[in-house]
């Protein structure tokens, strides 16, 4: 390598990028073409793509048959969003050229970027037919299949790549394989590969995937270990807090779950799921007032957050706070959110507060969804009987008797109604 280029590299690496880049700019016009290609590669590695492409464009015009240079030129064109030009450049490389498989890989990337996944797959399979033992091609196919959600296919390709290389293109192959296995539901096998991936490079995304998968697989202690390590490495990685809180909860460590969720809220105050996690942990530690406060904060972020609504409703039901039940459901409905259980809860609350007409309307709506629910049928039929609507209650009681034939109270009620009345 030219000594002047070496001096420029040393300046950049020593923390003097301006001096190093100035030196390159000064010497570049007088360099032989081979060294100009080296300078272009340096510019590319340092993120100065415009200078790199300026040099390579001139070199490509001089040496259109230099296939490696052509591939590099195409990479730069892709980097600068000149996709059509990149494709036309790559198509000039003949199938007999050694660089042809590389050109197919680049074309596959281009087609994948354009959403043409089948064409991308065809290019990669063609490259694989030429170089059947090339892990880079297996890895590229794995990435393509993973993007499409074809996790089974991705697993097969990543396994082939992992047999040859741990890292390809700066990417941890073990991590990709573990993520694909986890996404396909093969949690146990995924954990084996996550262990290898973490040994290779314990970076944040790998630690998170390891911890998240461990929780899914039913190993909360392992999840706590990995996610705690991630928290120590990068406390701003806000996605870690919910699974970490859930892991503590799975271990019965409710105080730790509560504190972890609160830490998460400090890291990401707009994450509604963290407020819900904190609220659930607060309920486990008998902090009902705090739980209600956290649930209301979750609903302030998303008034239609149904899981938070149901959790808060359950709390109001436990406290027999009918006014709050009515107020909450009516407020949520204003935002266009609804759920069959809302009608049931409202019906019960209206009945207990003696708003019988409103209760009847809600019971009628709820019946459409709970016609085979024994608890609902019992409650609704008792309401109708109290209202003196025996004729309407009777078919509900008969349905209830079918669902629960051992219920003597229901059988006796049916007998009494039929004995006292003659409905046509």
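Here, each number is a calculation from the coordinates, and none is a lab measurement. Note that the structure is predicted; figures quoted are calculated from it, not measured. Note that we place each Cβ from the backbone using ideal geometry, even for glycine, and neighbour counts take in every protein chain shown.
Per-residue ellipticity at 222 nm computed for the chain from its helices equals -24000 deg cm²/dmol, with DSSP H segments shorter than 4 residues left out and the rest contributing -39,500 (n - 2.57). Compared with the dominant Cα axis of the chain, that is its longest principal axis, helix 356-370 is turned about 50°.
Please report the relative contact order for the stretch 240-334, taking Cα pairs under 8 Å with a sequence separation of at least 6, and give it as a percent rounded to a whole number.
Reported relative contact order: 19 percent.
Rg and Dmax of the chain, both derived from C-alpha coordinates alone, stand at 32.9, 112 Å.
Relative to the compact-globule estimate of 2.2 N^0.38 Å, the Cα radius of gyration of the stretch 145-227 comes out at 1.00.
Compute the Cα gyration tensor for the stretch 214-270, then decide on rounded, prolate or oblate, letting a ≥ b ≥ c be the square roots of its eigenvalues: rounded whenever a/c is under 1.5, prolate when a/b is larger than b/c in the other cases, and oblate in all that remain. Can you show the working numbers first?
On the way: a/c = 2.02, a/b = 1.35, b/c = 1.49.
Oblate, since a/c reaches 1.5 and b/c is not below a/b.
Give me the angle, in degrees from 0 to 90, between the Cα long axis of helix 374-386 and the longest principal axis of the Cα atoms of the chain, rounded to the nearest 10. It is inclined by approximately 40 degrees. Dividing the convex hull volume of the alpha-carbon atoms in the stretch 163-272 by its residue count gives 102 Å³ per residue. Only Cα pairs within less than 10 Å get springs; with that Gaussian network setup on the chain, which residue of 277, 120, 54 has the largest fluctuation? Between 277, 120, 54, it is 54 that shows the largest mean-square fluctuation. The order of 221, 126, 36, 280, going from fewest to most other C-beta atoms within 10 Å of their C-beta, is 221, 126, 36, 280.
As a footprinting exposure proxy, order 182, 19 by other Cβ within 10 Å, with the fewest listed first.
Numbers: 182 23, 19 14.
With the fewest neighbours first, 182, 19 line up as 19, 182.
In the stretch 137-238, Cα pairs under 8 Å separated by at least six residues give a relative contact order of 17 percent. Spatial offset of the stretch 314-334 relative to the stretch 217-240 amounts to 35 Å, using the alpha carbon center of each. Across the chain, the mean sequence separation of Cα contacts (distance under 8 Å, 6 or more residues apart), normalised by length, yields a relative contact order of 4 percent. For the chain, the longest principal axis of the Cα atoms and the long axis of helix 408-420 meet at an angle of about 50 degrees. Here, the stretch 276-376 is characterised by an Rg to Rh ratio of 0.99, where Rg is the alpha-carbon radius of gyration and Rh the Kirkwood radius. Sorted ascending by nearby beta carbons within 10 Å, beginning with the fewest, 107, 233 become 233, 107.
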